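Report on one structure; see the data block that follows.
Bear in mind that the values in this text are calculations on the coordinates, not laboratory data. This one's a predicted model, so the numbers in the text were calculated from it and none came from an experiment. Don't worry about glycine lacking a Cβ; one is built from the backbone with ideal geometry, like all the others, and counts go over all protein chains shown.
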Amino acid sequence: MNLNLSNIKNVVQTNCHIADSHAAGNYTMCIYLLKMRELYRWESGYDYGDPIPGEEVGSWLRMREELWESLAENDFSSIPIDGVEYDPFDSTSINTILKPQRLVYSGGLGRNTHAHFFLGVLERHEHYNGFEIIVVADEYARDLTAPPAMSQNNTIYIRREAMRRLIWEKYEQWCWNKPNNALGRALAFYDFENQLEQSLTLMTDKELNAAILHEIGEVKAFEILGSRWEDLLFSLPHSKLELLLRSARDHLADCLSTLPNIIEAENIPSLHFYIANLTHLRKDLFPSLLATYENWVHTLDFSELKATVEEGALHWKNICLSVLSAWENDKNVDPQILIHMIDNNKL
């Protein structure tokens, strides 16, 4: 096989740049600068904890933004493998060729229908209850967002490097004030202060399993809601309704898979980390989960948490199906009606 890895990497990375040119403006300035610094760390090979010269980052950032501007109108390129050009979103066909070479590729659409691409080293490949789980180690090409986990049909991609980077970013932010919160409780199970790299590795290993559970939950939610849910999401502009819909489905996915498994295993660090990563919107929609968690912090009694999660699975299933039904009955339904259906039915 004529596998020109250097050429494949360059094409995938260029597609990543094009995707970034469309998506980078969606971040707040603070989050954008943080992500850009970590992207620079990855590209330049700095270790976590290494100081990065601000002047270097500033110069690189200006050049990167100029590159994005020059590519913003470009179409995504086909992926060339052994003389054949593959559609950049045909991950299945591409991986059929690359996996025997211990490589993994993914091209798909994430939040706000923004494209994501990556190319990396295959760490392990397994099957679980009908799901294909692909764990990726070092990455050759990535975009700015670099989600640690994603699912396409029944294939789940887990990105070790992206998860490690996410944990590092969370740890670094927590160190600013070191609050006594869910994130601090999760970090306390590791010795970040004295053994940074070892702690990052140990926590990454544990949270990769939690990420797999969430992606399995996403697939289970899809089995309930079907492709019609994606049609609904893609019909919407970036809006409060879209954020509410995604939050409701995330709650459904986690009540179906992530939380039941964490609770069953009594995985205390991952439970703290899960709560720490809930968005403000998800917390607002599911206040009973937060209240039950706070009680659990003092009692470590999982029974109340288990009951809340079981109630949540039924509640969020009904909410998602009700919203979907209202939209299917009238594609021009007032978005405010759908917003109220979610906002007025918090749990």
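Mean-square fluctuation check for the chain, GNM, Cα pairs under 10 Å: which of V104, V11, V136 is largest? Looking only at V104, V11, V136, the largest GNM fluctuation is found for V11.
Near the amide H of A141, within less than 5 Å, lie the amide hydrogens of L119, all on another chain or at least 5 residues away, with H placed in the peptide plane. Listed by Cβ neighbour count within 10 Å, with the fewest neighbours leading, C320, C30 appear as C30, C320. Per-peptide packing, taken as the mean over residues of other Cβ atoms within 10 Å, places 158-165, 184-191 in the sequence 158-165, 184-191 from highest down.
A simple rule links phi to the HN-Hα coupling: the Karplus curve 6.51 cos²θ - 1.76 cosθ + 1.60 with θ = phi - 60°, which for region 33-40 gives 5, 5, 5, 5, 5, 6, 5, 5 Hz, with x for Gly and Pro. Each Cα pair under 8 Å and six or more residues apart adds its sequence gap; the mean of these over the residue count of the chain is a relative contact order of 13 percent. Spatially, region 1-43 and region 210-266 are offset by 26 Å when compared through their Cα centroids.
How do R124, R282 rank when sorted from fewest to most other Cβ atoms within 10 Å of their own Cβ? Write down the numbers at each step before the final one.
Working: R124 11, R282 19.
Ranking R124, R282 by Cβ neighbours within 10 Å, fewest first, gives R124, R282.
Amide H to amide H, with H built 1.01 Å from N, E123 comes under 5 Å of V135, V136, A137, counting only residues 5 or more places away or on other chains. Each residue, I52 and L233, gets one label point 7 Å from its Cα in the Cβ direction; the gap between the two is 2.8 nm. Phi angles across region 299-306 convert, under the Karplus curve 6.51 cos²θ - 1.76 cosθ + 1.60 with θ = phi - 60°, into 3J(HN,Hα) values of 9, 6, 8, 7, 5, 5, 4, 4 Hz, Gly and Pro given as x. Placing a label point 7 Å from the Cα of Q173 along the Cα-to-Cβ line, the residues of region 240-276 whose backbone N sits under 15 Å from it are 273-276. Phi-derived couplings, Karplus 6.51 cos²θ - 1.76 cosθ + 1.60 at θ = phi - 60°, listed residue by residue for region 307-317: 5, 5, 5, 4, 5, x, 4, 6, 4, 6, 4 Hz, with x used for Gly and Pro. Using the rule -39500 (n - 2.57) for each DSSP H run of four or more residues, divided by the residues of the chain, the 222 nm mean residue ellipticity is -19000 deg cm²/dmol.
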